[in-house]
Amino acid sequence: MKKLILFCFPFFPILSYSQELILNGGFEDENICTEFVVNCAPEAWISSGSALANYFRDANRAYKSEHCMAVQAGHSTRPYERTFIRSQLLCRLRKGNKYRLSLFIKSPHPILDSIGAYFGPIEPLMERKPIHLLSASLYFGTSNTFKKDSSWQPVTADYTAAGDEVFITIANYSHSDVNGYSGVSRRNQFLVFLDDISLVPLDPDEKLCDNWEQVKQDIYDFNPRHQFLWRMLKYNRDSLIVPLHQTRIIIADTLLLPDVLFATGKKDLQPASHSILDSFCRQMNGRKIDSVVIEGHTDNTGIVATNEQLSAGRAGSAASYLSHCSSFANMTIITRAWGSRKPITDNSTPANRQRNRRVEIFVYFKE
């Protein structure tokens, strides 16, 4: 982090909330299938088997809410008969960057170690090899220990991107067949249930691509299933792929306004702060600003509610001043009041308490 007009200190980026790269991971948004004009499948996900047979609306079966999906890991009498579910990513991943895949999984069969995810550039429905001849990008059993029961179990796995990923496919990638008695009366399929699938970058400065909203709309607008889907695959295989943009890296600068730049015990900026903020504004000219966050802080002396109000007022005063700069004129500046909840040092001395009384300005830039 580079030093600006006053002094800066290391901080964790404020906008580090999850940048979800998988759509409808909980399967709650339902797709209207063209053929039947009914909700028969989850938005953004396609099963290689029957969507009607592998999409469940049952609050007692789902991890939470109402829906979950299943893949068939094997069949009692049909060798290597399996299904998979696949979805297109929201943005293209960055080569060499790490991403965390998390989900919940359950099965009455002891086969969870063989379930995995494959990331690749090719439409999985057009893959010429059967699933058992493919290798997963990661296997869930590598970094997770599963209980031998049929309860929902969490899965977390980290993936290093190759940079050409378009689809994620989840299936049983074991090279050994799963067959014999399923252990479930009158069911030949070995089913594995999936819910709450999530993929986020581990770099907190990596954000969604600029066109993610349009990509989501295009993916959600695709409705054909069943025979219409296979007809499209036969005659227009590219129709299922929505062009992806790469995720963005947000770079941040920060400016710290110490307590001395505000009127004692008040929210008002002192005149001495104006030249500092003006200089800061000039440094932002011509830069591609993504967002601005201003946070107010106090020490721990006095009444909590008063400290909260003071920190909010000071953050608001700084935001009001910056809003008159050309670089920030048309932006929504986010303000947050932390009161004494986020000190940078202990409050044991007057000097330390003064350090804790501050306003921090975070400016995030597009790559």
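The values are calculated or read from the model by the stated rules, or taken from the named source; none is laboratory data. Since this is a predicted model, take the numbers as computed values, not measurements. Quick reminder, even Gly has a Cβ in these numbers, built from the backbone with ideal geometry, and neighbours come from all protein chains shown.
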Point to revise | Boolean, THR332 is more than 26 Å from ILE249 (Cβ to Cβ), touching a Ser or Thr at 6+ places or on another chain (Cβ under 9 Å) and hydroxyl-bearing (Ser, Thr, Tyr) | key: no
Point to revise | Filter result (surrounded by fewer than 13 Cβ atoms within 10 Å (Cβ to Cβ) and in contact with a strand residue (DSSP E or B) (Cβ under 8 Å, 6 or more places away or on another chain)) within segment 278-295 | key: LYS288
Revision key, fill the gap. The condition from (1) modelled with pLDDT under 95; (2) under 21 Å from LYS216 (Cβ atoms) that ALA117 misses is numbered (1)
Check your understanding: Residues in segment 174-193: is at least one in contact with a Cys (Cβ under 9 Å, 6 or more places away or on another chain) and either surrounded by fewer than 21 Cβ atoms within 10 Å (Cβ to Cβ) or under 30 Å from SER151 (Cα atoms) (or both)?
Key -> yes
Practice item. Taking THR306 as the residue in question, decide whether it is modelled with pLDDT under 90 and surrounded by fewer than 15 Cβ atoms within 10 Å (Cβ to Cβ). Key: no
Check your understanding: Would segment 142-161 turn up any residue that is outside any loop (DSSP other than H, G, I, E, B) and in contact with a helix residue (DSSP H, G or I) (Cβ under 9 Å, 6 or more places away or on another chain)?
Key -> yes
Practice item. Pull up segment 188-205, narrow it to residues that are among the acidic types (Asp, Glu) and modelled with pLDDT of 95 or more, then point me to the one that is nearest to the chain's Cα centre (by Cα). Key: ASP196
Study note, to complete from the structure: When (1) closer than 26 Å to PHE146 by Cα; (2) modelled with pLDDT of 90 or more are applied to LYS64, the one that fails is (2)
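Of all residues being part of a loop (DSSP other than H, G, I, E, B) and of a type in the set (Lys, Arg) in segment 332-342, which is surrounded by the fewest Cβ atoms within 10 Å (Cβ to Cβ)? Just the residue, please.
By that ranking, first place goes to ARG341.
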Exercise for review: Quick one: count up the residues across segment 123-172 that are charged (D, E, K, R) and surrounded by 19 or more Cβ atoms within 10 Å (Cβ to Cβ).
Suggested key: 2
Point to revise | Any hit, segment 343-355, residues being buried (at least 18 other Cβ atoms within 10 Å of the Cβ) and among the charged types (D, E, K, R) | key: yes
Study note, to complete from the structure: In segment 287-331, anything touching a residue at least 12 places away in the same chain (Cβ under 8 Å) and part of a loop (DSSP other than H, G, I, E, B) is listed as ARG287, LYS288, THR298, ASP299, ASN300, THR301, CYS325, SER326, SER327, PHE328, MET331
Exercise for review: Considering only segment 36-49, state which residues are surrounded by 14 or more Cβ atoms within 10 Å (Cβ to Cβ), at pLDDT below 90 and assigned to a loop (DSSP other than H, G, I, E, B).
Suggested key: SER48, GLY49
